[in-house]
Amino acid sequence: MKMTLKLLAAVICLFMLTVTILTSMAESLWAAWPVYAANPWAMATFWDAYSGFTLFWVWIAFRERSWPMRILWLILVYLLGNIATAAYLFIALNQLRPEQPASDVLHRRPA
């Protein structure tokens, strides 16, 4: 299960990096923003995504024991979105010892 989750997190991270780079090469976020912001469904999706990022960050804040790491991940999640969430999950899974089950990733990191 751990290997499947690691692979999923890595694939999503790489996929989102690719999509973001290709989209940025086609049109900058700042150039697209006025049209995007004028679309109510686009804004609903935007707020939905950032609500999810906030919930994911609450889990990160629970797991991480130091405020500098909590703040770093808050910035990364808000700037990079699911690129950062997938990277965090991949890192967290890789920090588990071989004998630990994947579910241990949900627990608070040891001091």
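Residues in region 28-67 that are among the charged types (D, E, K, R) and either on the phi > 0 side of the Ramachandran plot or part of a loop (DSSP other than H, G, I, E, B) (or both): how many?
Taking region 28-67 as the starting set, the residues that turn out to be among the charged types (D, E, K, R) are 48, 63-65.
Imposing the further condition that a residue be either on the phi > 0 side of the Ramachandran plot or part of a loop (DSSP other than H, G, I, E, B) (or both) reduces the set to 64-65.
Result for region 28-67: 2.
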Subset tally (residues that are loosely packed, with under 11 Cβ neighbours inside 10 Å and among the small types (Gly, Ala, Ser)) for region 74-110: 1
Residue within region 29-49 that is surrounded by 13 or more Cβ atoms within 10 Å (Cβ to Cβ) and within 30 Å of Ser103 (Cβ to Cβ) present: no
Count - residues of region 1-28 that are under 30 Å from Gln100 (Cα atoms) and over 19 Å from the mean Cα position of the chain (by Cα): 1
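Rule-based calculations on the coordinates, nothing more; no lab input. This is a predicted model, so every value here is computed, not measured. When we count neighbours, we look across all protein chains shown, and the Cβ atoms used for this are built from the backbone with ideal geometry, even at glycine.
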